[in-house]
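I have placed the structure first, in the form of structure tokens, so that the comments after it can refer back to it.
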Amino acid sequence: MNEIHALTAKKSAALSGITKVPGDKSISHRALMFGALTIGETIISGLLEGEDVLHTAEAMKALGAKVEKCPDGLWRTYGVGIGGLKQPETALEMGNSGTSTRLLIGLVAGHNISATFTGDASLSKRPMQRVITPLEMMGANFESREGGRLPLTVIGADDALNIEYRLPVASAQVKSAILLAGLNAAGRTTVIEEKPTRDHTENMLMHFGVEVVTEELEDGALAVSVIGHQELQPCAVDVPGDPSSAAFPAVAAAITEGSSIQLSGIGMNPRRTGIFDCLREMGADITFKHERIEGGEKVADVFIKGTGKLKGITVPEARVPSMIDEFPVFAMAASCAEGTTIMTGLEELRVKESDRLLMVANGLKACGVNLEMGEDSLTIHGTGKAPKGGALIETALDHRIAMAFLVLGGVTDEAIQIDDAAPIRTSFPNFVDLMNDLGCAIMKV
């Protein structure tokens with residue numbers, strides 16, 4: 001264990017205060033990428049400056065765009081236009097970011113260039129075959145380790161082909177990779193999804209002036225299409241607060257009796273708010289105020305009060321895609337609730353930065369929680385009181401596992417320690433300071 005990065009969270013008093021979480025990671029990635037595809041200047045405010053997004057910024061520079069942070073805190077990109085990406089001179093180092101890797105693989109696949117993608121130990125274990133399969137249909141070729149794992153080289157299509165592709169598994173990243181490749185393909189590229197996934201790509205493409213058509217099919221599936229060779233128009237992008245990051249202080253307040261906090265300017269995209277829907281159904285006091293539209297996305301201020309009286313629920317499987325990244329911290333709330341919480345359809349958690357389903361289950365068991373884990377399910381039997389805690393949690397280089405158990409440590413009788421907080425920098429660089437400012441007791445070991 002690297003003690004420099006080890007943290008412990010102790011039981012705290014009620015949380016209070018007004019704060020703003022970092023910018024939405026998904027939107028930050030796309031703002032940099034899409035700005036690089038315009039011809040002209042795109043100004044971005046509120047960009048998340050975590051390690052994942054900074055890797056995206058460096059990748060766009062390597063692909064020919066000019067990307068810079070200005071003294072006023074704004075970011076500016078100067079794009080090269082659709083079809084104008086240049087071949088990078090060195091490998092694109094993506095760190096821990098699966099989102100930017102899969103999206104950029106799609107972007108490169110639609111251009112007549114090649115690029116090699118590398119990443120850290122965690123990213124190098126994550127499967128890329130799910131994006132390789134449709135992109136090969138569009139004319140790209142790939143060289144990779146077994147299972148499509150990094151290091152991976154994309155040899156882009158000479159003339160990208162449009163396709164119609166039905167997603168075998170709900171994935172906004174795969175959908176986005178195909179649509180981005182389709183931007184440089186003649187004709188209509190269509191992705192069909194059985195379950196609605198995050199639509200940030202569609203929203204932001206429209207914000208940049210691209211026509212995107214979404215149609216409901218007779219079987220209830222959604223068909224999302226772009227017509228290739230449209231020009232993206234430079235524009236301003238105001239990145240809202242990340243609902244995935246907001247989930248951590250929100251759950252912390254919801255499980256700590258007497259808490260009252262405000263999270264300002266949080267993205268309220270309906271396909272991202274499943275965590276708030278679930279917490280409300282459990283009995284949490286959560287309200288949205290000052291709702292507005294910024295940069296093509298719904299935004300609101302979120303108010304959370306801790307009642308200390310959460311109830312177990314069954315999470316609708318149709319809601320899973322809208323909160324897939326929030327299940328680790330949602331499981332912490334379930335462990336404090338009275339009664340049983342049932343979560344199914346969680347197979348995607350197996351192929352995140354870690355096997356999150358296994359990591360959550362093992363960590364909660366170590367904290368004294370009664371639960372059952374299946375291949376794609378987690379059932380937690382809460383007592384209405386916080387579990388005892390007192391565990392050392394292995395994070396497996398997973399930022400959301402690290403933050404989730406630090407949140408739980410705020411209510412357990414015995415402190416919870418995580419072995420490595422370094423990965424938190426990928427998505428929420430000021431997590432510890434923000435949480436402690438609200439009243440948490442998170443400290444170095």
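What's the number of the only condition in (1) in contact (Cβ under 8 Å) with a residue 60 or more places away in the chain; (2) touching a helix residue (DSSP H, G or I) at 6+ places or on another chain (Cβ under 7 Å); (3) not assigned by TED's automatic domain parsing to the domain that holds Leu406 that Gly17 fails to meet? Going through (1) in contact (Cβ under 8 Å) with a residue 60 or more places away in the chain; (2) touching a helix residue (DSSP H, G or I) at 6+ places or on another chain (Cβ under 7 Å); (3) not assigned by TED's automatic domain parsing to the domain that holds Leu406 one by one, Gly17 breaks only (3).
Under the condition of being among the aliphatic types (A, V, I, L, M), crowded, with 24+ Cβ neighbours inside 10 Å and assigned to a helix (DSSP H, G or I), the residues counted in the stretch 21-56 number 6. Return yes when Leu167 is surrounded by 19 or more Cβ atoms within 10 Å (Cβ to Cβ), among the aliphatic types (A, V, I, L, M) and touching a strand residue (DSSP E or B) at 6+ places or on another chain (Cβ under 9 Å) and no when it is not. In short, yes. Which pairs turn up if I take residues in the stretch 115-132 that are of a type in the set (D, E, K, R) and look for partners that are at pLDDT 95 or above and assigned to a helix (DSSP H, G or I) with beta carbon separation below 6 Å, at least 6 apart in sequence or on another chain? Pairs found: Arg130/Val174. Pairing each residue of the stretch 344-370 that is more than 30 Å from Met94 (Cβ to Cβ) with any residue that is part of a loop (DSSP other than H, G, I, E, B), provided the two are 6+ apart or on different chains, yields C-beta distances under 6 Å for Thr344/Ser377; Ala366/Ala391; Cys367/Pro387; Cys367/Ala391; Gly368/Pro387; Gly368/Lys388; Val369/Pro387. Restricting the stretch 377-386 to residues that are in contact with a strand residue (DSSP E or B) (Cβ under 9 Å, 6 or more places away or on another chain) and assigned to a loop (DSSP other than H, G, I, E, B) leaves a set whose member that is farthest from Lys311 (Cα to Cα) is Ser377.
There is no residue in the stretch 310-323 that is touching a His at 6+ places or on another chain (Cβ under 7 Å), modelled with pLDDT of 95 or more and of a type in the set (A, V, I, L, M). Out of Glu41, Glu68, Glu3, one residue alone is at pLDDT below 95 and acidic (Asp, Glu). It is Glu3.
The numbered conditions (1) under 30 Å from Leu180 (Cβ atoms); (2) assigned by TED's automatic domain parsing to the domain that holds Asn436; (3) among the polar types (S, T, N, Q) are all true for Gln230 except (2).
Among the numbered conditions (1) within 19 Å of Thr99 (Cβ to Cβ); (2) touching a residue at least 60 places away in the same chain (Cβ under 8 Å), the only one that Gly83 does not meet is (1).
The values are calculated or read from the model by the stated rules, or taken from the named source; none is laboratory data. Not measured: the values here are computed from a predicted model. Backbone-built Cβ (ideal geometry, glycine too); neighbour counts: all protein chains shown.
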